[in-house]
Amino acid sequence: MKSKVYYLSKILSGILLLSVCACSDFLEEVNWSSQTADVYFQTKSGYESLINGCYTNLRSIYNSKDYIIVTQLGTDIGTQTYSGNVTPINQYTTTFDSNQGNIFAYWSALYSALKNANAAIDRAGKVILKENDPDGIEPATLEQRIAEAKTLRALYLFEIVRNWGQAPLLVNEPVAPEKSAQLNSGEEFYDRILKDLNDAISVLPIRQTGTNYGRVSGAMAQHLRALVYLTRGYQSYADANDFTNAVNDAKNVIENSGHTLLDDYQSVHAQSNETNSEIIFSIGFSSAANHNVNFYPKLYLFSYREGWIGLSKDSYYSNDDATLLPTKYMYLLADWHKDRRPEVTFMSPVNGDPVTSTDGRNTGKNWFQCTMPISGRFALGDTVIYFPVPTDPHHKYWTDEDKQTAPYVVYNFPTGDPSDMSTDEYFRNGYQSTSAQTRCWLPVWKFKDKNTTYLENNNSTGTRDIYLYRLAETYLIAAEASVMKNDNANALFYLNKVRQRAEKIPGSLIKPEGSTVSIDDILNERAIELFGEAPRWNDLQRTGKLNERVLKYNWDVTNITGGIPTQLTEKTTKFQLRPIPLQWLNSLSNGQELGNNPGW
């Protein structure tokens, strides 16, 4: 029997979050101030607004700097954006403890979202039906809304269990504040997640179109269930059929959902093509006031405004908030001449041409142009920082002598051993001043947004959607589960489908028939295909590759002063789970009794 869960009043009390994110046409703002919540939520409009509030939470979770830090830093493909200082969550130092603010913020956002999903499910039984009242909700519509809420609840529970392993399993709306809690096991979490998804998949339409685009669909729920099965399959309490079930779910989405891989990776990320058939589920934004605040574009841009002669605060590049720097390994993982993906992912000639760039502008070309003219030095539009990338027609390695002949700063593309960042220029201090601690690197551009503008208060703007799930990942889930089933033929089939789409030269990327597919092959492919989209820390944690690959490819972990790599050397380490936040534990009357995850 599952234990009853009590949860902290600070997070779970108070009125339900009903601000609306306008992620699709089905979201509307409603003024219900003249009614009590209990009465309002029984009405059709009230219950719909409650469901819409559940979708709003997606933005507070995933459109967040905290989310990027927790899921991308401290991995083989993501590191810190400045040198010389310690970033505990990236370097796994002794100062990384259960008081880490980013982790608490992520935890709090998930539980706030969970509260709202539970309210939508629990209150459904009191909603007025159309068969009893002309202004009521259609029974079939209500059934779908409950299925949507259950899918979102499953998503939030999955994020909690795969990051913390154990936590309060909250499955009812709190009716009164409580100051004590109990921790439920991972096994209990997965049982509830799968029950919710099984219920939802039997009800939801396989795809959502028209005014319902943006709602969860049967394909989204089944993709999520495949990922849930895959993740549980690695656990000590796994079901013997988990990997088989993961393949079957992924295969069903691939073959029967109507979602298809686009022919060109660039068109997947083109801002003008955000509702394409590859996208299974996305978090939407609009140009409406307060709804155009997609953070992603600025989080992947180095601090170009700080100290660079010829560069200034300008909407040409918009705000920056340097949060994640790709490792040298990430830059060298794909062959730019054979693989379409790196030139779409990063600044490149492709992103410098409005016809082919992800945001339809020329701002992604592989150099930063002058936005603040300097008499005798730079005119507006002149090159200030140049990044020679492999597909640049003028690409070469610039020697020190070469650089002295250029009127701008040159940052060479990384070369040599991908595990050694010590001699490569992206991983040094910026050249803009002798005291600079911020690095300068070739920015990620696939998230760039034509609607971003510079704001003096450093707020964000942007209307492009955040892709949570797309079909390329479904193929890679099937490939990984096939590896774990020792079914190499299918692993090769699903992996090659993703590689074939990315080929610039036919036959140049696919693994030949008979090749063996390993977990490292899958992780490499996920990095190239899903950089910044899929939570990389969870990929490494799930596959048991966190220690090995971080120590091998994240030079900052082992070589920056203050790094304590010995904490990552053991297969069993506290870093395989996130710490239960100390702020939450301290707020409970029985927090000390609960303890924490092993080692924390």
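The values are calculated or read from the model by the stated rules, or taken from the named source; none is laboratory data. Remember, predicted model here, so these are calculated numbers, not experimental data. Quick reminder, even Gly has a Cβ in these numbers, built from the backbone with ideal geometry, and neighbours come from all protein chains shown. Areas reflect the complete protein model, heavy atoms only, side chains present, ligands, DNA and RNA absent. Shrake-Rupley method; radii C 1.70, N 1.55, O 1.52, S 1.80 Å.
Tabulated data for the structure shown
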| item | result |
| --- | --- |
| Unique match (being open to solvent by 40 Å² or more (accessible area, probe 1.4 Å), touching a residue at least 60 places away in the same chain (Cβ under 8 Å) and more than 25 Å from L170 (Cβ to Cβ)) among Y234, Y213 | Y213 |
| Filter pass, A289 being open to solvent by 10 Å² or more (accessible area, probe 1.4 Å) and either under 24 Å from N57 (Cα atoms) or at pLDDT 95 or above (or both) | yes |
| Test: residue in region 399-408 that is within 23 Å of G78 (Cα to Cα) and of a type in the set (V, I, T) | no |
| Residue within region 324-331 that is without any contact (Cβ under 8 Å) to a residue 40 or more places away in the chain and in a loop (DSSP other than H, G, I, E, B) present | no |
| Selected residue (criterion: nearest to the chain's Cα centre (by Cα)) from residues of region 375-390 that are assigned to a strand (DSSP E or B) and in contact (Cβ under 8 Å) with a residue 60 or more places away in the chain | I385 |
| Spans of helices (runs of 4 or more DSSP H) in region 35-77 with at least 2 residues modelled with pLDDT of 95 or more and either open to solvent by 30 Å² or more (accessible area, probe 1.4 Å) or under 18 Å from I160 (Cα atoms) (or both) | 44-62, 65-72 |
| Tabulated pairs, region 151-176, first at negative phi, second among the aromatic types (F, W, Y) and part of a loop (DSSP other than H, G, I, E, B), C-beta under 9 angstrom, 6+ apart or interchain | P168/Y6; P168/Y7; L170/Y7; P174/Y6; P174/Y7 |
| Residue count, region 238-259 (criterion: open to solvent by less than 70 Å² (accessible area, probe 1.4 Å) and either part of a helix (DSSP H, G or I) or of a type in the set (S, T, Y) (or both)) | 12 |
| Residue in region 267-276 that is open to solvent by 40 Å² or more (accessible area, probe 1.4 Å) and either without any contact (Cβ under 8 Å) to a residue 60 or more places away in the chain or closer than 25 Å to Q369 by Cβ (or both) present | yes |
| Helices (runs of 4 or more DSSP H) contained in region 422-537 and holding at least 3 residues acidic (D, E) | 519-530 |
| Hits in region 353-373 - residues which are surrounded by 21 or more Cβ atoms within 10 Å (Cβ to Cβ), touching an Asp or Glu at 6+ places or on another chain (Cβ under 7 Å) and either acidic (D, E) or under 14 Å from N451 (Cα atoms) (or both) | D359 |
| Filter result for the condition that a residue is at pLDDT below 50, outside any loop (DSSP other than H, G, I, E, B) and open to solvent by 10 Å² or more (accessible area, probe 1.4 Å), over I11, I15 | I11 |
| Qualifying residue in region 189-202 (condition: touching a helix residue (DSSP H, G or I) at 6+ places or on another chain (Cβ under 7 Å), crowded, with 22+ Cβ neighbours inside 10 Å and outside any helix (DSSP H, G or I)) | no |
| Matching residues, region 437-451, being open to solvent by 10 Å² or more (accessible area, probe 1.4 Å) and either over 24 Å from the mean Cα position of the chain (by Cα) or over 30 Å from D400 (Cα atoms) (or both) | Q437, F447, K450, N451 |
| Region 437-446, residues that are more than 14 Å from T79 (Cα to Cα) and at pLDDT 95 or above | W445, K446 |
| Output for region 391-435, where each listed residue is among the small types (G, A, S), farther than 24 Å from N351 by Cβ and either open to solvent by less than 30 Å² (accessible area, probe 1.4 Å) or in contact (Cβ under 8 Å) with a residue 40 or more places away in the chain (or both) | S419, S422, S433 |
| When residues of region 405-436 are limited to those that are at pLDDT 90 or above and among the β-branched types (V, I, T), the one nearest to D556 (Cα to Cα) | T415 |
